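What follows is one structure encoded as structure tokens, with my remarks underneath.
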Amino acid sequence: MSVDDHELAAGLAQRAGERLLELREESTSDPKALGDAGDAAAHRLLVEALAQERPDDPVLSEHGVSGPERVAGQRVWIVDPLDGTREFTEPGRSDWAVHVALAERHEVIASAVALPAQGVVLGTGEPPKQPTHGIARPRIAVSRSRPPEFVTEIAERIGAELVPMGSAGAKITAVVLGEVDAYLHGGGQYEWDSAAPVGIARAAGLHTSRLDGSELVYDRPDPWLPDLLVCRRELAVDLLAALSDRPEGSR
């Protein structure tokens, strides 16, 4: 019996995550070798499984395009086999992820994110319910090594606190799970960095957009995505207003 796209995305994300955990347990003391092995193994698992389960669909991965020719706007799987390679190689860190998304007509229509070290798989088939409590002080997820200056400025304007964490997938899923209230990114990413978690965020009822409030568009000829905002809906107006009021040179 064939599975639907939501189930397939979740199953593949989980399988790739389990393989990554196995590699982590078998690892040597060389972080680069572990990261390279993890990227390669998870990529191979996802590409081979999609070639079997969805042979008519192309795959756009961080590590290349496979399958039939990709035509922008038609069905395409957008995957990041290991989001947060550095965190994956650091013992004890759990803020890394596997992303599996399906886009059609430039929108994510099914996706899943596995957080293997946390034993969590989130998907569009059964998206998490959003918290009903209010927001006393907004929490914004930022990079643990290089928090963007403009996010610090926005946080000061709306009275938010910054919460450092690892990969883009970990940050967006933290918003989905209610661990933080927003994630802003202005330095540019590729579509595979955000497609899967953004699909889940949308399915869960969160606000997702570019920093100027325009729609996030996936499966374009150029997979570069300049910026994004994911947040609880009650914060969107204040965040977009603060973003639009930034001086021209800081945008």
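The values are calculated or read from the model by the stated rules, or taken from the named source; none is laboratory data. Quantities reported herein were computed from a predicted structural model and do not represent experimental measurements. Note: ideal-geometry Cβ built from the backbone for every residue, glycine included; neighbour counts use all protein chains shown. Accessible surface is based on the protein model in full, side chains and every heavy atom, while ligands, DNA and RNA are left aside. Shrake-Rupley method; radii C 1.70, N 1.55, O 1.52, S 1.80 Å.
Which of the following residues is of a type in the set (A, V, I, L, M, F, W, C), outside any helix (DSSP H, G or I), farther than 16 Å from Ile140 by Cα and open to solvent by less than 30 Å² (accessible area, probe 1.4 Å): Leu184, Leu216?
Only one candidate passes the filter, namely Leu216.
Being within 21 Å of Ile200 (Cα to Cα) and within 16 Å of the chain's Cα centre (by Cα) is true for just one of Gln130, Gln118. Which residue is that?
On the way: Gln130 fails: within 16 Å of the chain's Cα centre (by Cα).
Unique residue meeting the criteria: Gln118.
Does Ile200 qualify as being in contact with a Phe, Trp or Tyr (Cβ under 6 Å, 6 or more places away or on another chain) and modelled with pLDDT of 95 or more?
On the way: in contact with a Phe, Trp or Tyr (Cβ under 6 Å, 6 or more places away or on another chain): no; modelled with pLDDT of 95 or more: yes.
Criteria not met by Ile200.
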Within segment 151-165, of all residues that are in contact with a strand residue (DSSP E or B) (Cβ under 8 Å, 6 or more places away or on another chain) and in contact (Cβ under 8 Å) with a residue 40 or more places away in the chain, the one nearest to Ala103 (Cα to Cα) is Met165
Quick one: how many residues across segment 25-55 are among the basic types (Lys, Arg) and closer than 27 Å to Thr124 by Cβ? 2
Members of segment 122-138 that are touching a strand residue (DSSP E or B) at 6+ places or on another chain (Cβ under 7 Å) and open to solvent by less than 60 Å² (accessible area, probe 1.4 Å): Leu122, Gly123, Thr124, Pro128, Pro138
Using beta carbons and a limit of 6 Å, which pairs, at least six apart or on different chains, have the first residue in segment 47-74 and closer than 14 Å to Pro223 by Cα and the second one in a helix (DSSP H, G or I)? Val59/Val47; Val59/Leu50; Ser61/His43; Glu62/Trp192; His63/His43
I'm checking my understanding of the structure. Among residues of segment 62-85 that are part of a strand (DSSP E or B) and of a type outside the set (A, V, I, L, M, F, W, C), which one is surrounded by the most Cβ atoms within 10 Å (Cβ to Cβ)? Asp80
So, in segment 86-110, of the ones that are closer than 15 Å to Val217 by Cβ and not in a strand (DSSP E or B), which residue ends up most open to solvent (accessible area, probe 1.4 Å)? Arg105
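Within segment 121-133, restricting attention to residues that are out of contact with any His (no Cβ under 9 Å at 6 or more places or on another chain) and in contact (Cβ under 8 Å) with a residue 12 or more places away in the chain, which residue is nearest to Leu34 (Cα to Cα)?
Kept after step one, since they are out of contact with any His (no Cβ under 9 Å at 6 or more places or on another chain), are these residues of segment 121-133: 121-122, 127-133.
This time we only want the ones that are in contact (Cβ under 8 Å) with a residue 12 or more places away in the chain, so: 121-122, 127-131.
Values: Val121: 23, Leu122: 25, Pro127: 32, Pro128: 32, Lys129: 35, Gln130: 36, Pro131: 37 Å.
Looking at residues that are out of contact with any His (no Cβ under 9 Å at 6 or more places or on another chain) and in contact (Cβ under 8 Å) with a residue 12 or more places away in the chain, I get Val121.
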